[in-house]
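S.K.: Let me begin by handing over the structure; questions about it come next.
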Amino acid sequence: VFPGVIEIGLYDIIVQVCKSGLSQHHPLKKYKDNRIAFWTDNYVYRHGMDEIVVVFEDVTQREKTLEELERRVKERTAELETANKELESFAYSVSHDLRAPLRAIKGFAQIISERYAGALPPEAGRYFDFIVRAGENMSILIQDLLDYSRLGRGALKIEAVSLAQTVDKALDTLGSKVKEERGKVTVEGTLHFVEADVTLLNRVLVNLVENALTYHPPERPPEINISSRREDGYVYLTIKDNGIGIDRKFYKRIFEIFQRLHSAEDYPGTGIGLAIVRKCVDLMGGEVSLKSTPGEGSVFSVKLKEALN
């Protein structure tokens, strides 16, 4: 009936079932002879002592649909990869092209402010100071944009990382900021090992602790508690502060790029720090969450796979 059963290997299955009496499933194959062609899923079983039953399930339409979906996915993936490369190239080029004129603006404004301070009216001096500060803020914004655009471009090195060592390194980086803000940072209990990229994890810790040192009422020095706990194969790293807190309705918004809840006059920042945190954690296969009470403080939790030390 179907001459091609030998070519697709089905005849051998029929012989095996005939000899053993055990039913078998012959995997999906594309059947083709001089009359027909179709995708078939085959099931073979023995009926009585002298009969073999072969069930041909025609799944041609399903396979055609899957092939079309796969083709579309490949096309869409290629389009997204091209768009991402173009976006990264654009961000990198724009950031570098902005730096040269920005340095000139800031540099000349600073020279005028310092060299001709005595000759300038007080109001003009203040304006030049505004230009210098704006240039410094713009430089920080450009650097944050570059950092954000670079995330995920290099190969990740996921390995067992000591949270204790990473926290120590982050606190060393922020040592001057802690003193400037009269802050107090405590590490509670044992910090565990996690599966992470050490560079990304360090960036996460620096950004979260730096935020805790920044967003606090002027009359209340920041107090930060860092701890970790293990649960069901994961480690939850917690950074708790006594800062200004965040309203629940802004929980998702603050992890988006360029989202700020306060003016630059009240608290410095570019609105990129927490977006970098989320992107770093996503790249490491983890999750970041927040619980906060306005006026009392915030608790950021980073969930990562536990590693055996």
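S.K.: Report every pair of residues separated by at least 6 positions or lying on different chains whose Cβ atoms are under 7 Å apart, first residue within the range 264-287 and at negative phi, second among the charged types (D, E, K, R) and modelled with pLDDT under 85.
M.R.: Partner pairs satisfying both residue conditions: THR270/ASP144; ILE272/ASP144; ALA275/GLU256; ILE276/ASP147.
S.K.: Shifting gears a bit: Hey, can you tell me all the residues within the range 28-42 that are exposed (fewer than 15 other Cβ atoms within 10 Å of the Cβ) and of a type outside the set (Val, Ile, Thr)? Steps first, please.
M.R.: The first filter runs over the range 28-42 and keeps only residues exposed (fewer than 15 other Cβ atoms within 10 Å of the Cβ), leaving 28, 30, 32-38.
Scanning the range 28-42 gives LEU28, LYS30, LYS32, ASP33, ASN34, ARG35, ALA37, PHE38.
S.K.: Return a yes/no flag: does the range 84-97 have any residue that is out of contact with any Cys (no Cβ under 6 Å at 6 or more places or on another chain), of a type in the set (Asp, Glu), over 25 Å from MET138 (Cβ atoms) and open to solvent by 70 Å² or more (accessible area, probe 1.4 Å).
M.R.: No, the range 84-97 contains no residue that is out of contact with any Cys (no Cβ under 6 Å at 6 or more places or on another chain), of a type in the set (Asp, Glu), over 25 Å from MET138 (Cβ atoms) and open to solvent by 70 Å² or more (accessible area, probe 1.4 Å).
S.K.: How many residues does the range 1-39 contain that are β-branched (Val, Ile, Thr) and more than 14 Å from VAL55 (Cβ to Cβ)?
M.R.: Residues in the range 1-39 being β-branched (Val, Ile, Thr) and more than 14 Å from VAL55 (Cβ to Cβ): 4 in total.
S.K.: Pull up the range 106-135, narrow it to residues that are assigned to a helix (DSSP H, G or I) and among the aromatic types (Phe, Trp, Tyr), then point me to the one that is surrounded by the most Cβ atoms within 10 Å (Cβ to Cβ).
M.R.: Step one: of the range 106-135, the residues assigned to a helix (DSSP H, G or I) are 106-115, 122-135.
Those still in the list that are among the aromatic types (Phe, Trp, Tyr) too: 108, 127-128, 130.
On the way: PHE108: 14, TYR127: 13, PHE128: 19, PHE130: 12.
Ranking the candidates gives PHE128 first.
S.K.: Follow-up question, since we're still on this one. Do you know which residues across the range 4-27 are under 27 Å from LEU66 (Cβ atoms), open to solvent by 60 Å² or more (accessible area, probe 1.4 Å) and either charged (D, E, K, R) or touching a residue at least 24 places away in the same chain (Cβ under 8 Å) (or both)?
M.R.: Across the range 4-27, the qualifying residues are GLU7, ASP12.
The values are calculated or read from the model by the stated rules, or taken from the named source; none is laboratory data. Just so it is clear, the model here is predicted, and its values are computed rather than measured. Cβ coordinates were reconstructed from backbone atoms using ideal geometry, including for glycine residues, and neighbour counts include every protein chain displayed. Keep in mind that these areas ignore ligands, DNA and RNA; they rest on the heavy atoms of the full protein, side chains included. Shrake-Rupley method; radii C 1.70, N 1.55, O 1.52, S 1.80 Å.
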